[in-house]
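Structure record follows, encoded as C-alpha cells.
What follows draws every value from the coordinates through simple rules; no lab data is involved. These numbers come from a predicted model, not from an experiment. Cβ: placed from backbone, ideal geometry, glycine included. Neighbour counts: every protein chain shown.
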Amino acid sequence: MAKGKAIHVVINKKELLLPKMEFLPLNEAGAGFFVKELGGKSLLGYKELIEKFEKSDGEEISDIHGIELMAELVLLTACNPDGTPYFVSKDEVDLFAEKSLNQLQLAADKAMEVSGMGATQNLKNDVPASSTTD
C-alpha cells in the first residue's frame, strides 16, 4: 500500500443501524435484558413527557409521574439482542413495575446512562423502601 493513502472500510448497514446497548442483569443468576440508547424521536418524545409532567406537577415531579416516566423509558429502551423491543406493550412494563419497583428503577437508570442523559434527576431516586418490592 502506498504511503499516505487512507483505507476506507464501509460499515455493515445492520451494524450501523443497531443501537448502542448494554446488558442489564436483574437477578443473581445474571438473567436480564438489553437496554438500548434512546434515538432521536424517542429521546425528544421522552423529554416532552418530562416537560409535561413538570408543568402539571410544579417544581418537582410527583411520585406517580416519576414511576410513569421510568416505565415509559423502560418501554422505549428494553430490548432483545437484535434491538427489537423486549416489552411489547405498556401493560407489560406496568406489570414489571408492579413486580419490582427496584428493578424498574435499575432499568430506567441504565437507560439514562446508555442514552447519555446523566443522573436520573427527573425520576424518583428516593422511593421509600416500604413502597418497593423485589
- Where nothing but the Cβ of Lys and Arg (+1) and of Asp and Glu (-1) is charged, how large is the charge dipole of the chain around its Cα centre, in debye to the nearest 20? 1120
- Message: Within 10 Å, at most 13 other Cβ atoms, and a DSSP state outside H, G, I, E, B define an exposed site. Report the longest part of the chain free of exposed trypsin sites (Lys or Arg not before Pro).
- Response: 21-134
- Exposure proxy check on HIS65, HIS8: fewest-to-most Cβ neighbours within 10 Å is HIS8, HIS65
- Message: Please give me the summed charge of the neighbours of LEU76: other residues whose Cβ is under 12 Å from its Cβ, Lys and Arg +1, Asp and Glu -1.
- Response: +2
- Sorted by chain and then number, the residues having a modelled amide H within less than 5 Å of the amide H of CYS79, at least 5 places away or on another chain, are PHE34, VAL35, LYS36, TYR86
- Query: Can you name the helices of the chain, as whole DSSP H runs, whose Cα span along the helix axis is 18 Å or more and whose Kyte-Doolittle mean is not below -0.5?
  - Reply: 63-77, 101-114
- Helix-only CD estimate at 222 nm, as mean residue ellipticity for the chain, using -39500 (n - 2.57) per DSSP H run (n ≥ 4): -14500 deg cm²/dmol
- Hey, if you put +1 on the Cβ of every Lys and Arg and -1 on every Asp and Glu Cβ in the chain, which of GLY4, LEU24, LEU75 ends up farthest toward the positive end of that dipole? GLY4
- Task: Please order GLU51, GLU92, GLU72, GLU59 by the number of other Cβ within 10 Å, starting at the fewest.
- Result: GLU59, GLU51, GLU92, GLU72
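Set the Förster distance to 30 Å, then compute FRET efficiency between LEU44 and ALA6 from the Cβ-Cβ distance, nearest 0.05.
Efficiency computed from Cβ-Cβ geometry: 0.25.
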- Item | Percent of alpha-carbon pairs separated by more than 24 Å within region 21-131 | 19
